[in-house]
Amino acid sequence: MRSALLGALLLATVGMAGCRSEPCGHAVEKRDALRLETVSRALRAWHAAHGRWPTADEGLMALVRCPAASASGIDCERFPATGYATSDALRDVCGRSIHYALVGGQPRLSAPGPDGEVGTGDDRVIEIKTTPTGR
Amino acid sequence: MRSRAPDAVSAWMRFTDFIAAATDLGMPTGFLQEIGADYTIVMGDKDAILPRIDMLILRRDTLGAVDELSPDLPFGERSAIYTLYHEATHAWLDLHADASPVAGVIADGEAHYTDAPLTDGRATSDAHRLFQEAAGDYVGSRMAHWWAALADLAVAAATGTLTEARRAAIASAYEAAQSETVFGYSPEGGLLGIGAAQVETERPAPDELRAFLDCVLLEGKVPSGFAAVPAFARFSAGSGR
């Protein structure tokens, strides 16, 4: 019990300092890169199944649940019950949303960099190209 | 096994459940079991270890991502697997830091990273931390790449798209990812650690360190060659639905 109390005290102390020095834990860049790659994989699986990328309006939530059937043309009966990605997977390590856009018809994923804003020079970005196998 | 405070039980149970599921999937878990037995595991607002009190802190979403671990849809476990193996590597090195041969591995590793070049053009100011992060990054990355290939195989099999070409593409991506040799960062700048930036090194990890981690922590289950991974063998082209 004493160890747990000491741990809680240290956790609070380290947490306060850590909020400024390493806000989301260690190796943030690597973890964000892996999260972007995970969303990229889910998008490729979505593309292979449905023959197109989610529209900008559908966004990344199309990976979590079937878009409105009447507008999307997607057969929700065939949409995986689990979705293609968890909603947690659509956020970076710090809990901020990963941004989705179509550029020239191809997806671009962006996670905010250290400045916390999307659209600035320190963003982490993946551009996805359709491969011959569709994956 | 040490006693656990009630607030740590949930995190410990979820960590233990993860170990059981990972073992079933063919992942190396022996060193995770050591951490589960000897470290207090709690949920917090960052993923980290507190070595002085043998405490592993995991974020709720890190543990949540590997609840009911499965390589099938939905995607979402990879970053959490990286994190769990990364932090557990720090914890394991801490547990064994004073014993042979780990003490020697650490001493050699820190010597290797002394004054190592960083991507910002400077040399590291903290070889101890750079060694620790290189080891954690190596183990975490190997497992993250392993998981990505397993998930790609499982999803392709489940959706009936595991052709020879698709399997070859997954194998190629796996082997390219596992050929990575540079790992780790050191915190630079700031005052007393506050405001420091994580700057990656440009120095490759030493062969001896990688061989040690491959053998002892990864139990030889994460080889660089796709065909040598036992867990991938059940996914042949045309398997699945």
Options A:Thr86, A:Thr82; residue that is surrounded by fewer than 18 Cβ atoms within 10 Å (Cβ to Cβ), at the interface with chain B (Cβ under 9 Å from one of its Cβ atoms) and at pLDDT 90 or above: A:Thr82
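Just a yes or no: is a residue in the range B:95-102 open to solvent by 10 Å² or more (accessible area, probe 1.4 Å) and either in a helix (DSSP H, G or I) or over 21 Å from B:Arg210 (Cβ atoms) (or both)?
yes
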Test result for B:Pro51, at pLDDT below 95, more than 7 Å from chain A (Cβ to nearest Cβ) and out of contact with any strand residue (DSSP E or B) (no Cβ under 7 Å at 6 or more places or on another chain): yes
Filter result for B:Ala8 (modelled with pLDDT under 95, over 30 Å from B:Pro204 (Cα atoms) and within 11 Å of chain A (Cβ to nearest Cβ)): yes
Subset of the range A:95-113 [over 14 Å from A:Ala33 (Cβ atoms) and either surrounded by fewer than 17 Cβ atoms within 10 Å (Cβ to Cβ) or within 14 Å of chain B (Cβ to nearest Cβ) (or both)]: A:Gly95, A:Arg96, A:Ser97, A:Ala101, A:Leu102, A:Val103, A:Gly104, A:Gly105, A:Gln106, A:Arg108
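Taking the range B:162-189, which residues are in a loop (DSSP other than H, G, I, E, B) and touching a helix residue (DSSP H, G or I) at 6+ places or on another chain (Cβ under 6 Å)?
B:Leu162, B:Phe183, B:Gly184
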Only one of A:Ala12, A:Ala45 that is modelled with pLDDT under 80, part of a helix (DSSP H, G or I) and within 11 Å of chain B (Cβ to nearest Cβ): A:Ala12
Test: residue in the range B:123-142 that is within 14 Å of chain A (Cβ to nearest Cβ), within 13 Å of the chain's Cα centre (by Cα), surrounded by fewer than 24 Cβ atoms within 10 Å (Cβ to Cβ) and farther than 13 Å from B:Thr201 by Cα: yes
Residue selected from the range A:34-61 under the condition in contact with a Ser or Thr (Cβ under 9 Å, 6 or more places away or on another chain) and over 14 Å from A:Ile128 (Cβ atoms), by the criterion most open to solvent (accessible area, probe 1.4 Å): A:Met61
Number of positions in the range B:164-204 that are open to solvent by less than 40 Å² (accessible area, probe 1.4 Å), within 14 Å of chain A (Cβ to nearest Cβ) and within 23 Å of B:Pro28 (Cβ to Cβ): 6
Selection from the range A:70-102 of residues that are in a strand (DSSP E or B) and either among the acidic types (Asp, Glu) or touching a strand residue (DSSP E or B) at 6+ places or on another chain (Cβ under 7 Å) (or both): A:Ala85, A:Arg91, A:Ser97, A:His99, A:Tyr100, A:Ala101
Search result, residues across the range A:120-129 that are open to solvent by less than 70 Å² (accessible area, probe 1.4 Å) and part of a loop (DSSP other than H, G, I, E, B): A:Thr120, A:Asp122, A:Asp123, A:Ile128
Flag for B:Ala116 being away from every other protein chain (no Cβ under 14 Å), surrounded by fewer than 23 Cβ atoms within 10 Å (Cβ to Cβ), in contact with a helix residue (DSSP H, G or I) (Cβ under 8 Å, 6 or more places away or on another chain) and closer than 18 Å to A:Lys30 by Cβ: yes
Unmet requirement for B:Gly184, which otherwise passes all of (1) touching a strand residue (DSSP E or B) at 6+ places or on another chain (Cβ under 9 Å); (2) on the phi < 0 side of the Ramachandran plot: (2)
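The values are calculated or read from the model by the stated rules, or taken from the named source; none is laboratory data. Just so you know, these numbers come straight off a predicted model, no measurement behind them. Here Cβ is always computed from backbone atoms with ideal geometry, including for glycine, and neighbour counts include all displayed protein chains. Areas reflect the complete protein model, heavy atoms only, side chains present, ligands, DNA and RNA absent. Shrake-Rupley method; radii C 1.70, N 1.55, O 1.52, S 1.80 Å.
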